[in-house]
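The values are calculated or read from the model by the stated rules, or taken from the named source; none is laboratory data. Note that this is a predicted model, so its numbers are computed, not measured. We place every Cβ from the backbone using ideal geometry, glycine too, and count neighbours over all the protein chains shown. Each accessible area value is taken on the protein alone, full model and side chains, heavy atoms only, with ligands, DNA and RNA left out. Shrake-Rupley method; radii C 1.70, N 1.55, O 1.52, S 1.80 Å.
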Amino acid sequence: MKLLVKGNQSGSEIVRVTPESAGWKHVGFAAHRLAAGESVALDTGARELCIVVLSGFVGIKAGAQQWQAVGGRASVFEDRAPYAVYVPGGLAVAITADAGGAEVALCSAPATTARAARLIDPAGMTRSVRGRGANTRYVCDILPQTAQADGLLVVEVLTPAGHSSSYPPHKHDSDNIPLESSLEETYYHRLNPAQGFAFQRVYTDDRSLDESMAVENHDVVMVPRGYHPVVVPYGYDAYYLNVMAGPKREWHFKNDPAHEWMLKT
């Protein structure tokens with residue numbers, strides 16, 4: 001089972017994952033790089049959408065609502081939270097880059113409720129630090145389970161050079177709340193400097209799935225099940241945007257028992 005989706009290094013569409021291409025039911029993901037004045041248009045149909053402005057400024061139209069100059073980060077590695085827009089199902093959407101261009105992520109899941117489109121201001125996002133020592137990483141909850149949505153959970157993580165992330169290895173592939181929830185997940189990877197790489201492993205207890213990947217700038221790793229740690233080599237900082245969705249909009253995870261000891265030291 002091939003879990004690595006390589007990103008395009010040129011052109012508007014960087015990468016795309018659909019439920020059909022992934023062989024699952026819930027998560028959809030795409031990333032676009034837009035030159036100044038360039039647009040991407042879509043209809044949300046039966047899916048809800050979270051547009052994350054990774055860098056630059058964009059104008060966003062969702063149905064009758066419009067927002068101008070949304071964004072502001074020069075890079076995903078800038079020490080600030082992003083702007084985002086939530087769009088429910090059944091709306092036409094247009095995203096247009098301002099001067100200087102932009103990079104946007106389109107995160108989607110099945111829509112079940114009539115909701116209003118809304119701007120998600122970075123001031124309302126929670127930023128936190130997880131781990132310690134060489135396991136330290138910096139987290140921003142863009143669309144957490146405390147925010148209104150049908151299925152989507154969206155979070156971004158900055159991992160310093162030489163650190164591990166999503167570690168100790170954890171999984172969320174069993175419907176056993178509150179011990180564990182069943183959530184599909186994508187990882188959209190960025191590296192700084194851009195020629196860098198990181199490693200991600202996706203594996204199950206019985207090793208029926210066990211795939212290790214060298215990920216490069218703009219690649220996506222799909223996590224249908226299993227544990228999924230990330231390791232970043234010295235010299236390169238890593239960023240990833242996580243999109244999760246499943247039958248229930250709750251995030252509960254189980255650590256790999258073989259490695260959970262390190263949380264007790």
**OP:** Would you list the P(r) distribution for region 136-197, with all Cα-Cα distances sorted into 10 Å bins from 0 and each bin expressed as a whole %?
**Re:** 16, 44, 31, 9, 0
Original post:
What residue among Leu54, Leu241, Leu106 shows peak mean-square fluctuation when the chain is described by a Gaussian network model with Cα springs under 10 Å?
Top reply: Leu106
Original post:
If Ile177, Ile51 are ordered by their accessible area, calculated over protein heavy atoms with a 1.4 Å probe, which sequence runs from highest to lowest?
Top reply: Ile177, Ile51
Original post:
Given Cα pairs under 8 Å that are at least 6 residues apart, what percent is the relative contact order of the chain?
Top reply: 20
**OP:** Would you look at the GNM of the chain, springs on alpha carbons closer than 10 Å, and say which of Asp205, Asp173, Asp121 moves the most?
**Re:** Asp205
Subject >> Tensor-based shape of region 96-200 (alpha-carbon gyration tensor, a/c under 1.5 rounded, otherwise prolate or oblate) >> reply: oblate
**OP:** First check a/c for region 1-131, with a ≥ b ≥ c the square roots of the eigenvalues of its C-alpha gyration tensor; if it is under 1.5, answer rounded, and if not, answer prolate when a/b is larger than b/c or oblate otherwise.
**Re:** rounded
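Place a +1 charge on the Cβ of each Lys and Arg in the chain and a -1 charge on the Cβ of each Asp and Glu, then give the dipole magnitude about the Cα centre in debye, rounded to the nearest 20. Present the calculation step by step, with values, prior to reporting the outcome.
Working: 24 positive and 28 negative charges, 55 e Å.
Dipole about the Cα centre, nearest 20: 260 debye.
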Subject >> Contact order relative to length of region 188-246, as percent, for alpha carbon pairs under 8 angstrom and 6 or more apart >> reply: 45
Subject >> Most mobile listed residue (Pro229, Pro110, Pro193) in the chain, GNM with C-alpha springs under 10 Å >> reply: Pro193
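The chain: Rg/Rh from Cα coordinates, Kirkwood Rh?
On the way: Rg = 17.5 Å, Rh = 18.5 Å.
Ratio of gyration radius to Kirkwood radius for the chain: 0.94.
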**OP:** Identify unpaired cysteines across the chain, taking unpaired to mean no other cysteine Cβ lies under 4.7 Å from the residue's Cβ.
**Re:** Cys140
Original post:
If we sort 113-120, 81-88 on the protection proxy, mean other Cβ atoms within 10 Å, highest first, what's the order?
Top reply: 81-88, 113-120
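Per the 1.4 Å probe, what fraction of the accessible area of the chain, in percent, lies on carbon and sulfur atoms?
About 53 percent, which is the carbon plus sulfur part of the accessible surface.
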**OP:** Would you kindly find the accessible area of Arg225, with a 1.4 Å probe and non-protein molecules such as ligands, DNA and RNA excluded, rounding to the nearest 10 Å²?
**Re:** 90
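Once fully extended, how much extra length lies between Arg127 and Lys2, figured as 0.36 nm per residue of separation less the alpha-carbon to alpha-carbon distance?
Length gained between Arg127 and Lys2: 41.8 nm.
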Original post:
Looking at the square roots a ≥ b ≥ c of the eigenvalues of the Cα gyration tensor of region 67-144, which shape do they give, rounded for a/c under 1.5, prolate if a/b is larger than b/c, or oblate?
Top reply: oblate
Original post:
Taking the Cα centre of region 203-265 as the origin, how large is its charge dipole in debye, to the nearest 20, when only Lys and Arg (+1) and Asp and Glu (-1) carry charge on their Cβ atoms?
Top reply: 320
Subject >> Shape parameters for region 117-265, alpha-carbon atoms, Rg then Dmax in Å >> reply: 15.1, 45
